[in-house]
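For reference, the structure discussed in these notes is given below.
Read-outs throughout are calculated quantities, based only on the coordinates presented, and are distinct from any laboratory measurement. What you are looking at is a predicted structure, and each value in this text was computed from that prediction instead of being measured. All Cβ positions, even for glycine, are placed from backbone atoms using ideal geometry, and neighbour counts span all protein chains on display.
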Amino acid sequence: MDSYSNLVINAVDSIRNAVVKVDTYRQKQSNNQQAGSGSGFLFSTDGYIFTNSHVVNGATKMLTTLYDGSEIEATLVGEARHTDIAVLQSYAHVSTTARLGDSSVIKVRQLVIAIRSPFGC
């Protein structure tokens, strides 16, 4: 296998347990109806998740699905619509989290990998 493929495989293997699916619901009449879904990642062992603001904006309920298939409700902690970032808190306690990098050391044209769409969402 080529070295690029090995790098991607190793990156995915190291982070896959931190990637979550985020299902959103909106209040319609007297019940919650599914409004959409997206992905996010756990960045702390006490269940904090980064996702996109457009995924959770206007949601009345958010349900996260972890890599092991467990579903845990989450609450919106904050969002910045102008940068499309949101932080959720789930009540999961996990051992695998994504390690945030230092953007000041990134070079123009440096290779990056986006890992998303858990469970085919």
Can you pull out the chymotrypsin sites (Phe, Trp or Tyr not before Pro) in segment 60-121 that DSSP calls coil and that have at most 15 other Cβ atoms within 10 Å?
Tyr91
Per GNM of the chain with C-alpha springs under 10 angstrom, the most fluctuating residue out of Val87, Val22, Val105 is Val105
Work out the charge dipole of the chain with +1 on the Cβ of Lys and Arg and -1 on the Cβ of Asp and Glu about the Cα centre, then indicate which of Phe43, Ser30, Ser95 is farthest towards its positive end.
Ser30
Output needed for the chain: three equivalent-ellipsoid semi-axes, defined as square roots of 5 times the C-alpha gyration tensor eigenvalues, in descending order, whole Å.
28, 16, 14
What does the net charge come to around Thr97 if you take all other residues with beta carbon closer than 14 Å to its beta carbon, with K and R at +1 and D and E at -1?
+1
Determine the dipole magnitude for the chain: charges of +1 sit on the beta-carbon of Lys and Arg, -1 on that of Asp and Glu, nothing else is charged, the reference point is the Cα centre, and the result goes in debye to the nearest 20.
320 debye
Out of the trypsin sites (Lys or Arg not before Pro) in segment 61-121, which ones are loop residues according to DSSP with at most 11 other C-beta atoms within 10 Å?
Arg99, Lys107, Arg109
Can you spot the aspartates and glutamates whose alpha carbon is less than 14 Å from Lys61's alpha carbon? Ignore those fewer than 8 places along the same chain.
Asp23, Glu71, Glu73
Estimated inter-spin distance, Ser5 and Arg81, nm [label 7 Å along Cα→Cβ]:
4.5 nm
